[in-house]
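Data block below; observations after.
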Amino acid sequence: MCGTWVMKAVYGDTYTEDHDLIHAHKACNPEESVQSVGEVRRAAAAAGPSRRRMFGLAGALGAAVTGMGLLDAKPASASSPVAGAKKLFGAGRRIVDMSHAWGEDFPVFRPFVEPPKFTQVASVEKEGYNTLIITMDEHSGTHMDGPKHFDNGQLATDEIPAESLIAPLVVVRITDRTEKDLDALLTYDDLRKWESRHGRIPDGAVVAMDCGWSSRINDPERIFNRDADGKPHFPGIGWDAAEFLASSRNIVGVATDSPSLDSGANNYIDPRAHKYLLPTGHYGIEWMANVDQLPESGAMAVIGLMKHKGGFAGPVRMFGIY
Ligand SMILES: [Zn+2]
(Lines give C-alpha, C1' and ligand atoms only; values in the text may rest on other atoms or scores of the structure.)
Protein backbone atom coordinates (compact mmCIF):
# COMPACT_ATOMS: atom_id res chain seq x y z
CA MET A 1 0.00 0.00 0.00
CA CYS A 2 2.77 2.46 -0.83
CA GLY A 3 0.21 4.74 -2.46
CA THR A 4 -1.63 5.19 0.82
CA TRP A 5 1.40 6.21 2.83
CA VAL A 6 2.27 8.72 0.14
CA MET A 7 -1.21 10.19 0.39
CA LYS A 8 -0.99 10.22 4.19
CA ALA A 9 2.28 12.10 3.93
CA VAL A 10 0.57 14.65 1.68
CA TYR A 11 -2.64 15.03 3.71
CA GLY A 12 -1.40 14.32 7.24
CA ASP A 13 -4.15 13.82 9.81
CA THR A 14 -6.84 14.84 7.36
CA TYR A 15 -6.12 11.86 5.08
CA THR A 16 -9.05 9.63 4.17
CA GLU A 17 -9.28 6.92 1.51
CA ASP A 18 -11.34 9.41 -0.52
CA HIS A 19 -8.13 11.29 -1.22
CA ASP A 20 -6.71 8.24 -3.02
CA LEU A 21 -9.68 8.09 -5.34
CA ILE A 22 -9.79 11.79 -6.02
CA HIS A 23 -6.09 11.95 -6.81
CA ALA A 24 -6.24 8.86 -8.99
CA HIS A 25 -9.02 10.42 -10.99
CA LYS A 26 -7.21 13.73 -11.37
CA ALA A 27 -4.03 11.92 -12.45
CA CYS A 28 -5.89 10.11 -15.23
CA ASN A 29 -8.16 12.97 -16.17
CA PRO A 30 -6.19 16.18 -15.76
CA GLU A 31 -8.84 18.12 -17.68
CA GLU A 32 -11.50 17.41 -15.03
CA SER A 33 -11.66 19.24 -11.71
CA VAL A 34 -13.38 16.80 -9.37
CA GLN A 35 -13.45 17.71 -5.68
CA SER A 36 -15.36 14.87 -4.04
CA VAL A 37 -15.74 11.11 -4.20
CA GLY A 38 -19.30 11.58 -5.38
CA GLU A 39 -18.08 13.53 -8.40
CA VAL A 40 -15.47 10.84 -9.11
CA ARG A 41 -18.13 8.11 -9.03
CA ARG A 42 -20.40 10.06 -11.36
CA ALA A 43 -17.49 10.62 -13.76
CA ALA A 44 -16.59 6.93 -13.67
CA ALA A 45 -20.18 5.87 -14.36
CA ALA A 46 -20.30 8.21 -17.34
CA ALA A 47 -16.93 7.01 -18.66
CA GLY A 48 -17.91 3.39 -19.41
CA PRO A 49 -16.24 0.09 -18.54
CA SER A 50 -12.73 0.58 -19.90
CA ARG A 51 -12.04 3.68 -17.83
CA ARG A 52 -14.01 2.38 -14.88
CA ARG A 53 -11.33 -0.26 -14.38
CA MET A 54 -9.11 2.57 -13.21
CA PHE A 55 -11.27 2.87 -10.12
CA GLY A 56 -10.18 -0.44 -8.67
CA LEU A 57 -8.07 0.24 -5.58
CA ALA A 58 -4.76 -0.96 -7.00
CA GLY A 59 -5.25 1.02 -10.16
CA ALA A 60 -6.31 4.08 -8.24
CA LEU A 61 -3.32 4.03 -5.93
CA GLY A 62 -0.84 3.32 -8.69
CA ALA A 63 -2.29 6.04 -10.87
CA ALA A 64 -2.26 8.50 -8.00
CA VAL A 65 1.40 7.90 -7.22
CA THR A 66 2.49 7.91 -10.85
CA GLY A 67 0.39 10.97 -11.59
CA MET A 68 2.04 12.87 -8.77
CA GLY A 69 5.41 12.19 -10.38
CA LEU A 70 6.62 10.22 -7.37
CA LEU A 71 7.49 7.14 -9.41
CA ASP A 72 8.86 7.40 -12.89
CA ALA A 73 9.49 3.69 -13.44
CA LYS A 74 7.98 0.36 -12.44
CA PRO A 75 8.98 -0.32 -8.83
CA ALA A 76 11.45 -3.15 -8.15
CA SER A 77 10.16 -6.37 -6.67
CA ALA A 78 11.28 -9.98 -6.21
CA SER A 79 9.55 -10.92 -9.45
CA SER A 80 10.84 -8.00 -11.50
CA PRO A 81 14.51 -7.66 -10.56
CA VAL A 82 16.34 -4.51 -11.44
CA ALA A 83 19.95 -3.55 -11.68
CA GLY A 84 21.35 -5.05 -8.45
CA ALA A 85 22.85 -8.24 -9.87
CA LYS A 86 23.90 -6.53 -13.07
CA LYS A 87 25.67 -3.84 -11.06
CA LEU A 88 27.51 -6.46 -9.05
CA PHE A 89 28.44 -8.85 -11.84
CA GLY A 90 28.46 -6.61 -14.94
CA ALA A 91 25.74 -6.03 -17.53
CA GLY A 92 26.98 -8.72 -19.96
CA ARG A 93 26.81 -11.54 -17.40
CA ARG A 94 24.25 -14.31 -17.40
CA ILE A 95 22.91 -15.82 -14.19
CA VAL A 96 21.71 -19.43 -14.48
CA ASP A 97 19.45 -20.89 -11.79
CA MET A 98 21.00 -24.27 -11.01
CA SER A 99 18.31 -25.46 -8.57
CA HIS A 100 15.15 -27.38 -9.36
CA ALA A 101 11.90 -26.25 -7.78
CA TRP A 102 10.84 -29.10 -5.50
CA GLY A 103 7.68 -30.22 -3.77
CA GLU A 104 5.96 -33.37 -2.60
CA ASP A 105 6.18 -34.80 -6.12
CA PHE A 106 9.91 -34.20 -6.61
CA PRO A 107 11.70 -37.53 -7.16
CA VAL A 108 13.54 -38.93 -4.14
CA PHE A 109 16.27 -41.58 -4.05
CA ARG A 110 14.61 -44.39 -2.14
CA PRO A 111 15.32 -46.12 0.18
CA PHE A 112 17.76 -43.44 1.36
CA VAL A 113 15.41 -40.44 1.19
CA GLU A 114 11.73 -39.95 2.03
CA PRO A 115 9.56 -37.40 0.15
CA PRO A 116 8.76 -34.08 1.86
CA LYS A 117 5.31 -33.18 3.18
CA PHE A 118 3.87 -29.69 2.65
CA THR A 119 1.05 -28.46 4.91
CA GLN A 120 -0.43 -24.99 4.50
CA VAL A 121 -1.27 -23.77 8.00
CA ALA A 122 -2.33 -20.21 7.17
CA SER A 123 -3.84 -18.65 4.06
CA VAL A 124 -4.50 -15.16 2.77
CA GLU A 125 -8.21 -16.05 2.57
CA LYS A 126 -8.48 -17.08 6.25
CA GLU A 127 -5.66 -15.54 8.29
CA GLY A 128 -4.57 -12.81 5.90
CA TYR A 129 -1.17 -14.37 5.18
CA ASN A 130 0.25 -17.61 3.73
CA THR A 131 2.45 -20.06 5.65
CA LEU A 132 3.61 -23.61 4.97
CA ILE A 133 4.98 -26.16 7.39
CA ILE A 134 7.33 -28.51 5.55
CA THR A 135 8.44 -31.84 6.93
CA MET A 136 11.44 -32.82 4.89
CA ASP A 137 14.52 -34.94 4.57
CA GLU A 138 17.67 -32.80 4.37
CA HIS A 139 18.29 -34.40 0.97
CA SER A 140 15.23 -32.80 -0.68
CA GLY A 141 15.39 -31.20 -4.11
CA THR A 142 18.68 -29.70 -5.27
CA HIS A 143 20.69 -30.05 -2.08
CA MET A 144 24.11 -30.27 -0.51
CA ASP A 145 25.58 -33.31 1.24
CA GLY A 146 27.67 -31.59 3.91
CA PRO A 147 31.08 -32.71 5.19
CA LYS A 148 29.45 -34.09 8.35
CA HIS A 149 27.18 -36.43 6.36
CA PHE A 150 29.78 -39.23 6.65
CA ASP A 151 32.05 -37.98 9.45
CA ASN A 152 31.13 -36.58 12.88
CA GLY A 153 34.43 -34.69 13.05
CA GLN A 154 33.65 -32.54 10.02
CA LEU A 155 31.77 -29.23 9.68
CA ALA A 156 27.99 -29.06 9.94
CA THR A 157 26.35 -27.20 7.07
CA ASP A 158 25.78 -24.05 9.16
CA GLU A 159 29.51 -23.97 9.92
CA ILE A 160 30.63 -23.94 6.27
CA PRO A 161 32.23 -20.53 5.71
CA ALA A 162 30.51 -18.19 3.26
CA GLU A 163 33.77 -17.99 1.30
CA SER A 164 33.41 -21.67 0.41
CA LEU A 165 29.95 -21.09 -1.08
CA ILE A 166 31.16 -18.72 -3.80
CA ALA A 167 33.50 -20.65 -6.04
CA PRO A 168 34.94 -21.02 -9.54
CA LEU A 169 32.71 -23.51 -11.37
CA VAL A 170 34.41 -26.31 -13.29
CA VAL A 171 31.98 -28.20 -15.54
CA VAL A 172 33.02 -31.65 -16.74
CA ARG A 173 30.66 -33.06 -19.37
CA ILE A 174 30.24 -36.77 -19.85
CA THR A 175 27.00 -36.52 -21.83
CA ASP A 176 28.63 -38.12 -24.88
CA ARG A 177 28.43 -41.54 -23.24
CA THR A 178 25.65 -41.41 -20.65
CA GLU A 179 22.75 -42.02 -23.06
CA LYS A 180 24.20 -45.42 -23.93
CA ASP A 181 25.82 -46.18 -20.57
CA LEU A 182 23.49 -45.46 -17.67
CA ASP A 183 26.24 -46.45 -15.21
CA ALA A 184 28.81 -44.08 -16.74
CA LEU A 185 31.28 -42.49 -14.34
CA LEU A 186 33.15 -39.20 -14.36
CA THR A 187 36.74 -40.48 -14.33
CA TYR A 188 40.25 -39.30 -13.53
CA ASP A 189 40.84 -39.23 -17.32
CA ASP A 190 37.89 -36.83 -17.77
CA LEU A 191 39.43 -34.47 -15.22
CA ARG A 192 42.88 -34.58 -16.85
CA LYS A 193 41.32 -33.95 -20.27
CA TRP A 194 39.47 -30.96 -18.84
CA GLU A 195 42.79 -29.67 -17.44
CA SER A 196 44.51 -30.15 -20.81
CA ARG A 197 41.91 -27.81 -22.34
CA HIS A 198 41.49 -25.24 -19.56
CA GLY A 199 44.47 -25.53 -17.24
CA ARG A 200 44.69 -26.85 -13.69
CA ILE A 201 41.41 -27.02 -11.76
CA PRO A 202 41.39 -23.69 -9.87
CA ASP A 203 41.91 -23.58 -6.13
CA GLY A 204 38.62 -23.23 -4.27
CA ALA A 205 36.59 -24.60 -7.21
CA VAL A 206 33.38 -26.61 -7.29
CA VAL A 207 33.76 -29.44 -9.81
CA ALA A 208 30.39 -30.18 -11.43
CA MET A 209 29.48 -33.24 -13.47
CA ASP A 210 27.12 -32.71 -16.43
CA CYS A 211 25.74 -36.13 -17.31
CA GLY A 212 22.53 -34.83 -18.93
CA TRP A 213 20.25 -35.89 -16.07
CA SER A 214 18.86 -32.39 -15.39
CA SER A 215 16.59 -32.73 -18.43
CA ARG A 216 15.12 -36.01 -17.08
CA ILE A 217 13.76 -34.36 -13.95
CA ASN A 218 10.09 -34.85 -14.84
CA ASP A 219 10.55 -38.51 -15.71
CA PRO A 220 11.55 -40.47 -12.56
CA GLU A 221 11.74 -43.75 -14.48
CA ARG A 222 14.43 -42.35 -16.74
CA ILE A 223 16.24 -40.86 -13.76
CA PHE A 224 16.55 -44.05 -11.74
CA ASN A 225 16.35 -46.72 -14.46
CA ARG A 226 15.72 -49.46 -11.90
CA ASP A 227 16.44 -52.99 -13.10
CA ALA A 228 14.47 -56.16 -12.36
CA ASP A 229 16.10 -56.30 -8.89
CA GLY A 230 15.12 -52.72 -8.17
CA LYS A 231 18.70 -51.50 -8.39
CA PRO A 232 19.05 -48.00 -9.90
CA HIS A 233 21.27 -47.05 -12.83
CA PHE A 234 22.40 -43.45 -13.21
CA PRO A 235 25.85 -41.81 -13.62
CA GLY A 236 28.07 -40.59 -10.80
CA ILE A 237 31.59 -39.56 -9.87
CA GLY A 238 34.07 -42.41 -10.26
CA TRP A 239 36.22 -43.48 -7.31
CA ASP A 240 39.46 -42.56 -9.14
CA ALA A 241 38.16 -39.04 -9.86
CA ALA A 242 36.90 -38.57 -6.30
CA GLU A 243 40.20 -39.74 -4.80
CA PHE A 244 42.17 -37.43 -7.12
CA LEU A 245 40.00 -34.40 -6.34
CA ALA A 246 40.10 -35.04 -2.59
CA SER A 247 43.85 -35.56 -2.38
CA SER A 248 45.49 -33.74 -5.29
CA ARG A 249 43.38 -30.66 -6.00
CA ASN A 250 42.40 -27.83 -3.66
CA ILE A 251 38.64 -27.74 -4.27
CA VAL A 252 35.76 -26.85 -1.93
CA GLY A 253 33.24 -29.30 -3.34
CA VAL A 254 31.72 -31.27 -6.18
CA ALA A 255 28.27 -31.31 -7.77
CA THR A 256 26.21 -33.69 -9.89
CA ASP A 257 23.02 -33.33 -11.90
CA SER A 258 22.14 -36.93 -11.03
CA PRO A 259 20.54 -38.01 -7.71
CA SER A 260 23.83 -38.82 -5.98
CA LEU A 261 27.60 -38.20 -5.97
CA ASP A 262 28.09 -41.94 -6.51
CA SER A 263 26.46 -43.68 -9.44
CA GLY A 264 23.20 -45.54 -8.83
CA ALA A 265 25.01 -48.87 -8.88
CA ASN A 266 27.91 -47.73 -6.67
CA ASN A 267 25.54 -46.46 -3.99
CA TYR A 268 24.68 -50.10 -3.36
CA ILE A 269 28.19 -51.51 -3.80
CA ASP A 270 30.21 -48.86 -1.97
CA PRO A 271 29.43 -45.09 -1.93
CA ARG A 272 33.13 -44.34 -2.10
CA ALA A 273 32.86 -41.00 -3.94
CA HIS A 274 30.98 -39.76 -0.86
CA LYS A 275 33.60 -41.35 1.42
CA TYR A 276 36.60 -39.84 -0.36
CA LEU A 277 35.17 -36.35 -0.60
CA LEU A 278 32.95 -35.57 2.40
CA PRO A 279 35.17 -36.77 5.29
CA THR A 280 38.05 -34.75 3.76
CA GLY A 281 36.05 -31.55 4.34
CA HIS A 282 34.37 -31.13 0.95
CA TYR A 283 30.72 -30.75 0.13
CA GLY A 284 28.74 -32.43 -2.64
CA ILE A 285 25.68 -31.01 -4.38
CA GLU A 286 23.15 -33.42 -5.87
CA TRP A 287 20.21 -32.96 -8.29
CA MET A 288 21.79 -29.81 -9.78
CA ALA A 289 19.76 -28.13 -12.58
CA ASN A 290 20.70 -26.46 -15.87
CA VAL A 291 24.41 -27.30 -15.70
CA ASP A 292 24.22 -27.86 -19.48
CA GLN A 293 23.80 -24.07 -19.84
CA LEU A 294 27.14 -23.30 -18.18
CA PRO A 295 30.52 -23.19 -19.94
CA GLU A 296 33.16 -25.81 -19.07
CA SER A 297 35.35 -23.09 -17.61
CA GLY A 298 35.09 -19.47 -16.51
CA ALA A 299 31.81 -19.44 -14.54
CA MET A 300 31.32 -18.77 -10.84
CA ALA A 301 28.99 -20.71 -8.57
CA VAL A 302 27.04 -19.01 -5.79
CA ILE A 303 25.39 -21.44 -3.40
CA GLY A 304 22.63 -20.32 -1.05
CA LEU A 305 22.55 -23.05 1.58
CA MET A 306 19.88 -23.64 4.22
CA LYS A 307 21.51 -22.74 7.55
CA HIS A 308 19.95 -25.01 10.14
CA LYS A 309 22.19 -25.74 13.13
CA GLY A 310 24.13 -28.98 13.08
CA GLY A 311 23.01 -29.83 9.53
CA PHE A 312 24.38 -32.87 7.75
CA ALA A 313 22.88 -31.74 4.43
CA GLY A 314 20.34 -29.22 3.17
CA PRO A 315 18.53 -27.73 0.17
CA VAL A 316 20.42 -25.13 -1.88
CA ARG A 317 19.52 -22.40 -4.32
CA MET A 318 22.56 -22.48 -6.58
CA PHE A 319 23.47 -20.02 -9.31
CA GLY A 320 26.03 -20.21 -12.07
CA ILE A 321 27.28 -16.82 -13.30
CA TYR A 322 29.33 -16.33 -16.43
ZN1 LIG B 1 22.24 -36.18 -0.66
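Here is how the numbers come out for the structure above:
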item: Criterion: within 20 Å of Ala101 (Cα to Cα) and either within 15 Å of the ligand (Cβ to nearest atom) or of a type outside the set (A, V, I, L, M) (or both) - qualifying residue of Gly298, Gly253, Gly236, Gly314; result: Gly314
item: Number of the condition not met by Asp151 [criteria: (1) touching a Phe, Trp or Tyr at 6+ places or on another chain (Cβ under 8 Å); (2) part of a loop (DSSP other than H, G, I, E, B)]; result: (1)
item: Positions within the stretch 119-148 being exposed (fewer than 12 other Cβ atoms within 10 Å of the Cβ), polar (S, T, N, Q) and closer than 20 Å to Leu305 by Cα, in sequence order; result: Thr135
item: Count of residues meeting criterion [closer than 15 Å to Pro315 by Cβ and in contact with a His (Cβ under 8 Å, 6 or more places away or on another chain)] in the stretch 139-186; result: 6
item: Looking only at the stretch 292-315, and only at residues there that are open to solvent by less than 10 Å² (accessible area, probe 1.4 Å) and out of contact with any helix residue (DSSP H, G or I) (no Cβ under 6 Å at 6 or more places or on another chain), the one that is farthest from Val172 (Cα to Cα); result: Ala301
item: Filter pass, Lys307 being of a type in the set (D, E, K, R), closer than 22 Å to Asp183 by Cα and either away from the ligand (no atom under 15 Å from the Cβ) or modelled with pLDDT of 95 or more (or both); result: no
item: Check on Tyr268, more than 30 Å from Arg93 (Cβ to Cβ), open to solvent by 30 Å² or more (accessible area, probe 1.4 Å) and at pLDDT below 95; result: yes
item: Output for the stretch 156-166, where each listed residue is within 16 Å of the ligand (Cβ to nearest atom) and either among the aliphatic types (A, V, I, L, M) or open to solvent by 40 Å² or more (accessible area, probe 1.4 Å) (or both); result: Ala156, Ile160
item: Selected residue (criterion: farthest from the ligand (Cβ to nearest atom)) from residues of the stretch 108-118 that are open to solvent by 60 Å² or more (accessible area, probe 1.4 Å) and of a type outside the set (A, V, I, L, M, F, W, C); result: Lys117
item: In the stretch 243-259, the residues that are assigned to a helix (DSSP H, G or I) and either of a type in the set (A, V, I, L, M) or open to solvent by less than 10 Å² (accessible area, probe 1.4 Å) (or both); result: Leu245, Ala246
item: Hey, His274 open to solvent by less than 20 Å² (accessible area, probe 1.4 Å) and more than 13 Å from the ligand (Cβ to nearest atom) or not; result: no
item: Contacts under 6 angstrom Cβ, first residue in the stretch 134-155 being within 15 Å of Val254 (Cβ to Cβ), partner among the polar types (S, T, N, Q) and more than 12 Å from the ligand (Cβ to nearest atom), 6 or more apart; result: Thr142/Ser99; Pro147/Gln154
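The values are calculated or read from the model by the stated rules, or taken from the named source; none is laboratory data. Computed from a prediction, not measured in an experiment: that's the story for all the values here. Cβ sites come from the backbone with ideal geometry, for glycine too, and all protein chains shown count toward neighbours. Note: areas computed on protein heavy atoms with side chains; ligands, DNA, RNA excluded. Shrake-Rupley method; radii C 1.70, N 1.55, O 1.52, S 1.80 Å.
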